Structure formats: structure tokens, C-alpha cells
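*Asks:* The structure under discussion is supplied below as C-alpha cells; questions concerning it will follow.
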Amino acid sequence: QVQLVESGGGLVQPGDSLKLSCVASTSNFMLYELVWYRQAPGKARELVAAIAPGGITVYEDFVKGRFTISRDNSKKTVYLDMNSLKPEDTAVYYCNKEPAPWRPWGQGTQVTVSS
């Protein structure tokens, strides 16, 4: 069973930045497409960004130009650099892989953007 441990969230003001990290306990980390999802209160989980094994990245429109996903295969870690944060970015952020996400999901890391 793969363990996912997300960290780096917090309470910030609009316009601030945060960097999230997620460590996955799998020896095949480098083979997978990794993703960040988020879930706001009362809403469904939604995809934020993805990074392929070769480094190609994809972003949802609502974070393009503000968020950057990256990976360090030697550390089995995927990152999400978040800049120009908005109140609507408030959510619990989760990492996983696609397709066939690992089960169970990690506990996520809470990001709250508020003045």
C-alpha cells in the first residue's frame, strides 16, 4: 500500500504564495503521472495540475499562470508552487497518480486564502 503525505498548506492572504509537497512511498515513483487535486467545502474534488513521467505538465484553466507542478523523482516528491493565491483557491489539496489513483488517498493539506 502506497502512503501519500501532503504538506505545506496554511493560512495566507490573497496574493500570497505557498509551496505544497507530497511524498509517495513507492519505489516506482518515476513511472507515474502525478496529479494534484483539491476539494473545497461542499464541492467535488477537482483536478488542478498533472505532470507526466517525462515532465510534461498540464494545468486547469483556473490555475494557469499562477501554479507550477514539478517533481523530484530522487525524493519521490511532487510539488505544487502556488502564487497569486485567491480566496477561491481555499481547499484541501491532495496528490495522487493517474490513471488508477492509489488507495487510500492521503490526508491532504489545507490551504486557506483569506484577508
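The values are calculated or read from the model by the stated rules, or taken from the named source; none is laboratory data. Remember, predicted model here, so these are calculated numbers, not experimental data. Cβ coordinates were reconstructed from backbone atoms using ideal geometry, including for glycine residues, and neighbour counts include every protein chain displayed. Quick note on the areas: whole protein, heavy atoms, side chains included, nothing else; ligands and nucleic acids left out. Shrake-Rupley method; radii C 1.70, N 1.55, O 1.52, S 1.80 Å.
*Asks:* Just one of (1) farther than 20 Å from residue 2 by Cβ; (2) of a type in the set (Gly, Ala, Ser); (3) at pLDDT below 95 trips up residue 100, so point out which.
*Replies:* Looking at each condition in turn, residue 100 falls short on (1).
*Asks:* Scan segment 15-26 and report the pairs whose first residue is closer than 14 Å to residue 74 by Cβ and in contact (Cβ under 8 Å) with a residue 24 or more places away in the chain and whose second residue is part of a strand (DSSP E or B) and basic (Lys, Arg), with Cβ atoms within less than 8 Å and a gap of 6+ or a chain change.
*Replies:* Taking only residues 6 or more apart or on different chains, the pairs are 24/97.
*Asks:* Could you tell me whether residue 38 is touching a residue at least 24 places away in the same chain (Cβ under 8 Å), open to solvent by 60 Å² or more (accessible area, probe 1.4 Å) and of a type outside the set (Gly, Ala, Ser)?
*Replies:* No, not satisfied.
*Asks:* Could you count how many residues in segment 15-35 are touching a helix residue (DSSP H, G or I) at 6+ places or on another chain (Cβ under 8 Å) and open to solvent by 60 Å² or more (accessible area, probe 1.4 Å)?
*Replies:* 2
*Asks:* Among the residues of segment 38-53, are any part of a loop (DSSP other than H, G, I, E, B), of a type in the set (D, E, K, R) and closer than 27 Å to residue 1 by Cβ?
*Replies:* Step one: of segment 38-53, the residues part of a loop (DSSP other than H, G, I, E, B) are 40-45, 52-53.
Filter once more, keeping what is of a type in the set (D, E, K, R): 43, 45.
When the remaining residues are screened for being closer than 27 Å to residue 1 by Cβ, the result is 45.
Yes; the residues of segment 38-53 include at least one that is part of a loop (DSSP other than H, G, I, E, B), of a type in the set (D, E, K, R) and closer than 27 Å to residue 1 by Cβ.
*Asks:* Also, quick follow-up: Sort through 84, 74 and tell me the only one that's surrounded by fewer than 15 Cβ atoms within 10 Å (Cβ to Cβ), assigned to a helix (DSSP H, G or I) and either of a type in the set (S, T, N, Q) or in contact with a Leu (Cβ under 9 Å, 6 or more places away or on another chain) (or both). First the steps, then the outcome.
*Replies:* On the way: 84 fails: assigned to a helix (DSSP H, G or I).
Answer to the check: 74.
*Asks:* Restricting to segment 54-71, name every residue that is aliphatic (A, V, I, L, M) and assigned to a loop (DSSP other than H, G, I, E, B).
*Replies:* Across segment 54-71, the qualifying residues are 56, 63.
*Asks:* Tally time: how many residues in segment 87-115 are open to solvent by less than 10 Å² (accessible area, probe 1.4 Å) and in a strand (DSSP E or B)?
*Replies:* Residues in segment 87-115 being open to solvent by less than 10 Å² (accessible area, probe 1.4 Å) and in a strand (DSSP E or B): 6 in total.
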